[in-house]
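The values are calculated or read from the model by the stated rules, or taken from the named source; none is laboratory data. Everything numeric in this text was worked out from a predicted model, so none of it was measured. Ideal geometry is used to build each Cβ from the backbone, glycine not excepted, and the neighbour counts take in all protein chains shown. Calculation scope for accessible area: heavy atoms of the full protein, side chains included, ligands and nucleic acids excluded. Shrake-Rupley method; radii C 1.70, N 1.55, O 1.52, S 1.80 Å.
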Number of protein chains: 2
Amino acid sequence: MTTTVPRRRASISDVARLAGVSVGTVSNVLNRPDRVSPTTRERVQAAIGELDFVPNGSARQLRAGTITTAGAIVLDVANPFFTDVARGIEDRLEEADHTLMLASSDEEPEREARYLRLFEEHGVQGLMVVPATSDVEHLEAIRARGLRVVLLDRPSPSDTLSSVAVDDRAGAGAAAQHLVGLGHERIAFLNGPHTIRQCADRAEGMAAALASAGLDPEHALVEVTIDSLNAEGGQRGTERVLDLADRPTAVMCVNDLTALGALRTLRAAGIPVPSGMAVVGYDDVTFAGELATPLTSVRQPTHLLGYRAADLLLDEDETVVHVTFQPELVVRESTTGTS
Amino acid sequence: MTTTVPRRRASISDVARLAGVSVGTVSNVLNRPDRVSPTTRERVQAAIGELDFVPNGSARQLRAGTITTAGAIVLDVANPFFTDVARGIEDRLEEADHTLMLASSDEEPEREARYLRLFEEHGVQGLMVVPATSDVEHLEAIRARGLRVVLLDRPSPSDTLSSVAVDDRAGAGAAAQHLVGLGHERIAFLNGPHTIRQCADRAEGMAAALASAGLDPEHALVEVTIDSLNAEGGQRGTERVLDLADRPTAVMCVNDLTALGALRTLRAAGIPVPSGMAVVGYDDVTFAGELATPLTSVRQPTHLLGYRAADLLLDEDETVVHVTFQPELVVRESTTGTS
DNA sequence: TTCAGTGTATGAACCGTTTCATCGATGAGG
DNA sequence: CCTCATCGATGAAACGGTTCATACACTGAA
């Protein structure tokens, strides 16, 4: 084995020594090569190659202050909705030669806080976050410390933070209206905790739509809170729905992963969809239309959502902006039956 | 608007001044609180709160040298396979109180190189990467500079880098064998470029399985190279398969997203699955079993893959280790028809 | 010959921490 | 009363870059 692990990473002064110039000159070669004569530049570059020199980002950042990295915290990277958003962010950042550090909070405020702190300590330019709590004081504090913060997928309650969101009330409302139009009068809603704003908004949107259709939300809407917003959560939630007295005829799911779980449980229980139970998802992920029972779902402009968020983050001018996109109900067989 | 953006982030010396102690003491309060008397500690903490002080990670890292962050570069964060791997990594890192910076190379070597450099400059403890190229010299160079590097989802060609992988030859071989057993004698393989090792290995595995079943791989295997390893790529690839003279009777897909695209195209063309064309996927993602035609797929221990990779990265002892997991063929109706 | 101007290179200050040798005060033991 | 640990706090030296005022060497013009 001929690999030799170096005792220490080469520093700029090692390069300077080898090339027979000052550290300032090496720094200039790195950052403003035009201010250095071709001969010197070449000599320095040779030394850099020889020593396999990689500049220390911390040192650079410490002195220069700037960094071209942004952080994003989403609820769950394993959820296609969030990864699509992340791709949108990445694409916009790449255009500006910035890079993204991505992390998932798992809906746990402590985890979110930990990543927020990590990012802040490392001096990211800004943060995009899907808050795990309804309260965003801690984010406002970060903003007050001079970082740019953009709320993802939820409007800002106060007016100090910019946000990019989709109208969740409208999305859930459209879904509810659709179900009512099909004759459903009692609808279960597999939802996450209301501390997550999207969940609260969707519940409200449903209730409002039911009310304006002349139904009493108290009876027409049965909200079932699930612990995790994925397929497993959906399975467990649906089992509880099936046990309900005065069983609902439709189940609305807070996202498509949850709906996937619902479909699974219904199939296992031998209940036909939609005749025995209609199912609606949310997000319209790639595979929603390809399922055994193609899923009616609320489509959101995911990629664009991330893209605009990054856009806002990079925006020079510091005004607070709220962007709201409109969702679109995509109707498929999980509510209408074989077409 | 009462928000005041501070001129400058508070530093440790601001805290020291306000608390009437030295910077060394503040640092001690931060890192070894037990060495500071309760009274002083309290005073310092009050000052920290007052100034809303957040330590500067760059400075800390510059001086202390260490950092508890690892980087991972995968081909595409929007692919469930990679996000599951990422979750495995995150979970293991979290146990060790480390954090993850995640990025996707999009299968582009330049993008990969850019992120590698970024991570290295920022002094991550180690890197886990799914290489976008067959050549890993650049990764060995990083290793030689003292960082830990673990190859993800592919065995190391040389023996200088640790790796965690799934036996791709075996996985593809099992799928091919299964298809041959069903009577297929001409199989299309929607594959990515062979510069990606997994793709090359899977092609080899299929060819070997076909040969050992007594078929001539030259004729029995039609490899169709697709540009992007997702649903769109699968759709376009399948269109090309349908145009082939002597049309294959089965299509093997390099991953489930691709298979999703294949199913889509087949349905649009009115070709029944599997009677008109059998389809096999790879990865066995969450929704594989719930599709209109449940998908036969090769299951890989994704979460475990990431978990073990992070494990290796954190491992104190620096020996080179290769971990290989065995995949498992999950047979469903996309090859066997209605059960 | 002198001088202003230009293009390069220099070296020290600085960024915000950690670390460590040192120092003063305090209390115990002889 | 003196010594010696012990404890808490101090202050300055790193860490590895960037930046900027300054020096130096030429060139061409007056």
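So the label point goes 7 Å from the Cα of residue A:227 along Cα→C-beta, right? Which residues of the stretch A:181-196 then have their backbone N under 14 Å from it? Zone members listed by number: A:193.
For the stretch A:12-63, which whole percent of the accessible surface, found with a 1.4 angstrom probe, sits on carbon and sulfur atoms? Mind showing how you got there, number by number?
Numbers: 1500 of 3050 Å².
Here it works out to 49 percent.
What is the magnitude of the charge dipole of the stretch B:12-63 about its Cα centre, with +1 placed on the Cβ of each Lys and Arg, -1 on the Cβ of each Asp and Glu, and no other charges, expressed in debye to the nearest 20?
240
Take every pair of alpha-carbon atoms less than 8 Å apart whose residues are at least six positions apart; their mean separation over the length of chain B yields a relative contact order of 17 percent. Phi angles across the stretch A:70-80 convert, under the Karplus curve 6.51 cos²θ - 1.76 cosθ + 1.60 with θ = phi - 60°, into 3J(HN,Hα) values of 10, x, 9, 10, 10, 6, 7, 5, 7, 8, x Hz, Gly and Pro given as x. Amide H contacts of residue B:128 (H built 1.01 Å from N, in plane; Pro and chain starts excluded): B:71, B:72, B:73, B:150 sit under 5 Å, all sequence-distant by 5 or more or on other chains. Each copy carries residue A:243; placing its label point 7 Å along the C-beta direction from Cα gives inter-copy distances of 5.6 nm, listed from smallest up. Backbone N atoms of the stretch A:216-242 closer than 20 Å to the 7 Å Cα→Cβ label point of residue A:108 belong to residues A:226-234. For the stretch A:188-277, the set of GluC sites (Glu not before Pro) satisfying both a DSSP loop assignment and a count of at most 16 other C-beta atoms within 10 Å is empty. Placing a label point 7 Å from the Cα of residue A:96 along the Cα-to-Cβ direction, the distances to the matching points in the other copies come to 3.4 nm, shortest first. Annotation for residue B:326, label-to-label distances across the other copies: 5.7 nm (shortest first, one decimal, point 7 Å from Cα along Cα→Cβ). Near the amide H of residue B:298, within less than 5 Å, lie the amide hydrogens of B:281, B:282, B:283, B:284, B:330, all on another chain or at least 5 residues away, with H placed in the peptide plane.
Rounded to whole numbers, the Karplus 3J(HN,Hα) couplings from phi for the stretch B:251-266 are 10, 9, 10, 5, 7, 5, 5, 4, 5, 4, x, 4, 4, 4, 4, 4 Hz, using 6.51 cos²θ - 1.76 cosθ + 1.60 with θ = phi - 60°, and x at Gly and Pro.
Between residue A:240 and residue A:13, what FRET efficiency follows from the Cβ-Cβ distance if R0 is 51 Å, with the result rounded to 0.05?
Details: r = 66 Å, r/R0 = 1.30.
Approximately 0.15, to the nearest 0.05.
Of the trypsin sites (Lys or Arg not before Pro) in the stretch B:1-91, which ones lie in a loop per DSSP and count no more than 11 other C-beta atoms within 10 Å? Here the sparse-neighbourhood loop sites are B:7, B:8. At an R0 of 22 angstrom, the distance between the Cβ atoms of residue B:328 and residue B:216 translates into a FRET efficiency of 0.20.
Charge dipole of the stretch A:1-146 (Cα centre as origin; +1 on each Lys and Arg Cβ, -1 on each Asp and Glu Cβ, all else neutral): 1220 debye, rounded to the nearest 20.
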